[in-house]
Amino acid sequence: MINLATSFKQKDTAHSAETLRRQRWYIAFREEQKRKEKLEAEAEDALSDFASAVILAQPEQIFEFNQKLDRYDEATVKALMENTEALERIEKQIQEQLKHAHVMEDGRKIFKSADGTWAVDQNGHKLDPQKDDLDLIPQTKVTAEDFLQTNDELKRLQKERQEILDYQEKLDHARDRADKDNFSQDELDTLEQELETSMPQAVQEQLPDYKPEPQQSITMDMPKMPTISKPDTAMNFEPGM
């Protein structure tokens, strides 16, 4: 009988421990489930707040924006074509000028200034008189001034070309964003303003409605001459004089 009672007591203890373990597991499971539900609810609220705060661009606004991009893109292509033609002309001009340069022993091509006091090489670098005796360099048909002017124009056109290419990338980015479903009104306004303010001068000149800014004429205010009153030369004769 003692052994039987002990056996029942051990079974009851084991059953109670298993029940307690299951209760603890269930409580922990419910707590974890509540935590996940809370996080999901907070995420949904945050997404809802974001959606309500962001105003999507309307279809007609996107349509007008794409039309503007088409005009900008057409002007960019025209500007790039003109730049390419201008670059080809200036490069040919430089090659022609190089034919009339003085060739040094080390292969440098030199252009001497009109007054013969200084000279530059084919890269536009001014020669050091302490290293190169200018008296030994004959006067060139194309002067250093002429060559530098042509070389400066080449650099200007190269810079202009890079500006046009950079702007073309901005247009492509704006068009990609306009095709997205989450294209917002704020983003549209930002892109529109950026494209207008960053448009290179060469592209602006290709727009149909382009109007060059009027050049302000310089007027000199001449000093006003002081007004000199004429003396009263009339003589008053009184009767009896």
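Taking the listed residues Thr197, Thr219, the one that is β-branched (Val, Ile, Thr), modelled with pLDDT of 95 or more and either over 22 Å from Leu157 (Cα atoms) or loosely packed, with under 11 Cβ neighbours inside 10 Å (or both) is Thr197, with no other qualifying. I'd like the full set of residues that are surrounded by 15 or more Cβ atoms within 10 Å (Cβ to Cβ) and assigned to a loop (DSSP other than H, G, I, E, B), limited to segment 133-164. Within segment 133-164, Ile137, Thr140, Val142, Thr143 meet the criteria.
Between Pro212, Pro129, Pro208, the distinction of being modelled with pLDDT under 95 and either outside any loop (DSSP other than H, G, I, E, B) or closer than 26 Å to Ile90 by Cβ (or both) belongs to Pro212 only.
Of the residues Gly116, Gly124, Gly107, which is free of Cβ contacts under 8 Å to residues at least 60 places away in the same chain, touching a Lys or Arg at 6+ places or on another chain (Cβ under 9 Å) and either surrounded by 13 or more Cβ atoms within 10 Å (Cβ to Cβ) or part of a loop (DSSP other than H, G, I, E, B) (or both)?
On the way: Gly116 fails: touching a Lys or Arg at 6+ places or on another chain (Cβ under 9 Å); Gly107 fails: touching a Lys or Arg at 6+ places or on another chain (Cβ under 9 Å).
Criteria check complete, one pass: Gly124.
Collect the residues in segment 170-201 that are aliphatic (A, V, I, L, M) and either closer than 15 Å to Pro59 by Cα or not assigned by TED's automatic domain parsing to the domain that holds Asp73 (or both), keeping them in residue-number order. Steps first, please.
First, pick out the residues of segment 170-201 that are aliphatic (A, V, I, L, M): 171, 174, 178, 188, 191, 195, 199.
Those that are aliphatic (A, V, I, L, M) and either closer than 15 Å to Pro59 by Cα or not assigned by TED's automatic domain parsing to the domain that holds Asp73 (or both): Ala178, Leu188.
The values are calculated or read from the model by the stated rules, or taken from the named source; none is laboratory data. Remember, predicted model here, so these are calculated numbers, not experimental data. Cβ coordinates were reconstructed from backbone atoms using ideal geometry, including for glycine residues, and neighbour counts include every protein chain displayed.
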